[in-house]
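The values are calculated or read from the model by the stated rules, or taken from the named source; none is laboratory data. Note that this is a predicted model, so its numbers are computed, not measured. Heads up, the Cβs are rebuilt from the backbone with ideal geometry, glycines too, and the neighbour counts pull from every protein chain shown.
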Amino acid sequence: MTHENLGIVLQGDGVSEGIVLGTVARWDRHETLVEHVRLPESLVNAEVSRFHDSIARAEREIDELYVSLTAAAMGTTEGEHLGLLDAHKLMLRDPSIVNDTERYIREEHLNAEWALSMTLKRLESMFAAVKDPFFRERGQDIHHIGERLMQFLAQSGDEVPPSPLSQLPQGAVLFAHSLSPAEALAASRQKVAAFVIEAGSTSGHTAIIARSLGIPAVVGLQGATDVAGDGDRVIVDGFEGEIVVRPTQYEEILYGRRANRAKAVRRAVRQNRTLPAETPDGFSIVLKANLDFAAQAPHVDALGGQGVGLYRTEFLFLDRVRPPTEEEQTAAYVSVLEALRPHPVTIRTLDVGGDKLIRFSGPEHAGLRAIRYCLANEELFLVQLRALLRASRHGELRILVPFIAAPFEIREVRRLLAQASEQLAARGIKHAPNIPVGAMIEIPVAALSAEHLAKEVDFFSVGTNDLMQYTMAIARDTASPDYLTNPLQPGFLRLLHMITRAGHHAGIVTAICGELAGKPSFAPILIALGFNELSMTPESIPLVKEVIRRTPRSEAMALLQKFGNMSAEEAKDYLDSYMVEHFPDIVTPRFRGAPHYMR
């Protein structure tokens, strides 16, 4: 999109807040050419050793990066990026990569590069078929790991080849198609000013690293590297997910003012992290975090969160030839419960199936997702329930069951939970009693039957991403018109109101763990609807809390009532105006098309 006498504007997803004016440094990952060689029997063992040596060298590279980053992070609480390095190191030894590659070498006498490329193609195609961005990100991990192993295989000797990113100029704005966690962290050591990534998602690893290190970032900007060249001036707006390539002097002044104002506001709101999230007229909301790694736990407390509203367990099951053991799962759940103690942690049971593929799933269960898949695989589910019960003595656990459609499913979960408890008792293993069980409301039928579901559970947690997708019949993996993703659609607001009304009538907590919870501009609507808990990325907590503390619930309810006779588009415009008027220090309208007095 171009504007006369203005720079080129591209719109993506802002995943790490901040505004930066800098100079573009493009980084193009060069694909390694794979040589195809059939080996004689006499060289097979040596080729297997060469492959394992490349893994050892990749592990050594991660260890060295870990040590340097740990030293740089001394005295801070922002260590979640180190957890990503741990995850990548574990993936280097993943049996699906190591065993399959070794089998190709031994059985088909292939050279290591060819064998590895065949393994990677199989795994990447499997993940490419998955629509869920969380799972697709794991496919990117495998791709990045494979690329680095290829580079090690291409170099002889014991030395670790230097990362090409080590040559980046300090203070550059890095433009790339994609970045692995190790690459993003290597770039951060060069003190890059911002990331602009063509691929990736709001829950991706580049996003996590950027937020953890405080580097402004925008992802999902297809074609960005075609528009911007090395040395071009660029503005990166991590708040709005906007970049301006070759901006005018006027634009630089406008964004500079906003950047200074934003820094001052964020410093101020972070000082209020210990204050309660309570409206001026006494309505309290508990703010929690969505987490993927236990290493993120200190970040939650530092930003004023009160526990975890969503902890995913799928990563334990990804791309394994057999499911994780009870002991493996118990250890993972204990680590996050202990890290967040004394705050509660809501752990979501396994959400796989459908398009979320796992290797050990049989064809007879194709199409079944989440609780439907678990109820069709009771033994697999019982292992997870026993692990959760065992971990419950190490903190305050809440169990969240995804994709609930009917009360029958909750009753089945409680039956299996009681069975798991009896099995542990027979082994002399104790656990915490009366663990709360909640339903994740993410399909329209669950919202429509919330009144009945509320009688079966201890809390609701609304997954607004899926609920919006299924309500509006939109595809998760393709771009949709704005009106189809506007949460102010009257029908969608009506569903949310049905859920909170049913929860209040039953006397249970009603939470949101979807993206809406972390949007400051939507906080007044969630206040008006009566949600008791909001769970979001940790970095979103301070601003959402600030909006809550400055918005009387009576005023929020009056605002929501005004939407009754408006279309979704009119409601969005009205809400934007309301936020600019009441929170000019927090929310600023987009510069393009906005009146000068609003800028």
Exercise. Got at least one residue in region 413-425 being buried (at least 16 other Cβ atoms within 10 Å of the Cβ) and within 27 Å of the chain's Cα centre (by Cα)?
Worked result: yes
For this session: Among the residues of region 478-508, count how many are buried (at least 18 other Cβ atoms within 10 Å of the Cβ) and not in a helix (DSSP H, G or I).
Result: 4
For this session: Collect the residues in region 402-412 that are buried (at least 18 other Cβ atoms within 10 Å of the Cβ) and assigned to a helix (DSSP H, G or I), keeping them in residue-number order.
Result: 409, 410
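Here's the yes/no breakdown for (1) within 19 Å of residue 501 (Cα to Cα); (2) modelled with pLDDT under 95:
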residue: 419; (1), (2): no, no
residue: 425; (1), (2): no, no
residue: 440; (1), (2): yes, no
residue: 469; (1), (2): no, yes
residue: 473; (1), (2): no, yes
residue: 482; (1), (2): no, yes
residue: 490; (1), (2): yes, yes
Problem set entry | Long-range neighbours under 8 Å by Cβ, at least six apart or interchain, first residue outside the structural domain of residue 460 (by TED's automatic domain parsing) within region 513-539, second at pLDDT below 95 | none
For this session: Could you list, in sequence order, all residues of region 201-232 that are assigned to a loop (DSSP other than H, G, I, E, B) and more than 23 Å from residue 259 (Cβ to Cβ)?
Result: 201, 203, 204, 222, 223, 229, 230
Exercise. Pairs, please: C-beta under 9 Å, at least 6 apart or cross-chain, first residue under 15 Å from residue 91 (Cβ atoms) and in region 45-61, second of a type in the set (Lys, Arg) and modelled with pLDDT under 90?
Worked result: 54/148; 55/93; 58/89; 58/148; 59/89; 59/93; 61/148
For this session: Within region 385-424, count every residue that is out of contact with any Phe, Trp or Tyr (no Cβ under 9 Å at 6 or more places or on another chain), of a type outside the set (A, V, I, L, M, F, W, C) and under 24 Å from residue 322 (Cβ atoms).
Result: 4
Problem set entry | The one condition in (1) part of a helix (DSSP H, G or I); (2) at pLDDT 95 or above that residue 562 fails to fulfil | (2)
Problem set entry | Exclusive hit being surrounded by 21 or more Cβ atoms within 10 Å (Cβ to Cβ) and either more than 24 Å from residue 399 (Cβ to Cβ) or of a type in the set (A, V, I, L, M) (or both), set 448, 467 | 467
Seminar exercise, completed: Restricted to region 269-286 and to residues being surrounded by 13 or more Cβ atoms within 10 Å (Cβ to Cβ) and farther than 10 Å from residue 303 by Cα, the residue nearest to the chain's Cα centre (by Cα) is 286
Exercise. Inside region 563-584, can you point out the residues that are exposed (fewer than 14 other Cβ atoms within 10 Å of the Cβ) and over 13 Å from residue 486 (Cα atoms)?
Worked result: 564, 565, 577, 581, 584
For this session: Filter region 184-215 for residues that are surrounded by fewer than 24 Cβ atoms within 10 Å (Cβ to Cβ) and under 14 Å from residue 13 (Cα atoms) and give the result.
Result: 198, 199, 201, 202, 203
Seminar exercise, completed: When residue 6 is run through (1) among the aliphatic types (A, V, I, L, M); (2) touching a helix residue (DSSP H, G or I) at 6+ places or on another chain (Cβ under 9 Å); (3) modelled with pLDDT of 80 or more, the failure sits at (3)
Exercise. Going by the structure shown, is residue 379 without any contact (Cβ under 8 Å) to a residue 24 or more places away in the chain, surrounded by fewer than 22 Cβ atoms within 10 Å (Cβ to Cβ) and acidic (Asp, Glu)?
Worked result: yes
Exercise. Looking at region 453-471, is at least one residue out of contact with any Cys (no Cβ under 7 Å at 6 or more places or on another chain) and either more than 25 Å from residue 311 (Cα to Cα) or assigned by TED's automatic domain parsing to the domain that holds residue 13 (or both)?
Worked result: no
Exercise. Could you say whether any residue in region 517-525 is surrounded by fewer than 23 Cβ atoms within 10 Å (Cβ to Cβ), outside any loop (DSSP other than H, G, I, E, B) and basic (Lys, Arg)?
Worked result: no
Exercise. With (1) in contact with a helix residue (DSSP H, G or I) (Cβ under 6 Å, 6 or more places away or on another chain); (2) closer than 21 Å to residue 343 by Cβ as the list, and residue 545 as the residue in question, which single condition is left unmet?
Worked result: (1)
For this session: Please list, ordered by first then second residue, the pairs with beta carbon atoms under 9 Å, 6 or more apart or interchain, first in region 236-254 and closer than 11 Å to residue 196 by Cβ and at pLDDT below 90, second buried (at least 21 other Cβ atoms within 10 Å of the Cβ) and polar (S, T, N, Q).
Result: 238/16
For this session: Output the helices (runs of 4 or more DSSP H) that fall wholly within region 243-342 and possess 3 or more residues being more than 30 Å from residue 585 (Cα to Cα), or say none.
Result: 326-340
Seminar exercise, completed: Restricted to region 430-440 and to residues being surrounded by 14 or more Cβ atoms within 10 Å (Cβ to Cβ) and not small (Gly, Ala, Ser), the residue farthest from the chain's Cα centre (by Cα) is 431
For this session: From 432, 475, 447, grab the single residue that is in the same structural domain as residue 286 (by TED's automatic domain parsing), assigned to a loop (DSSP other than H, G, I, E, B) and over 20 Å from residue 345 (Cβ atoms).
Result: 475
For this session: Return yes when residue 300 is within 19 Å of the chain's Cα centre (by Cα) and at pLDDT 90 or above and no when it is not.
Result: no
Problem set entry | Selected residue (criterion: farthest from residue 308 (Cα to Cα)) from residues of region 326-340 that are surrounded by fewer than 23 Cβ atoms within 10 Å (Cβ to Cβ) and of a type in the set (Val, Ile, Thr) | 330
For this session: Determine, yes or no, whether residue 534 is under 27 Å from the mean Cα position of the chain (by Cα) and among the hydrophobic types (A, V, I, L, M, F, W, C).
Result: yes
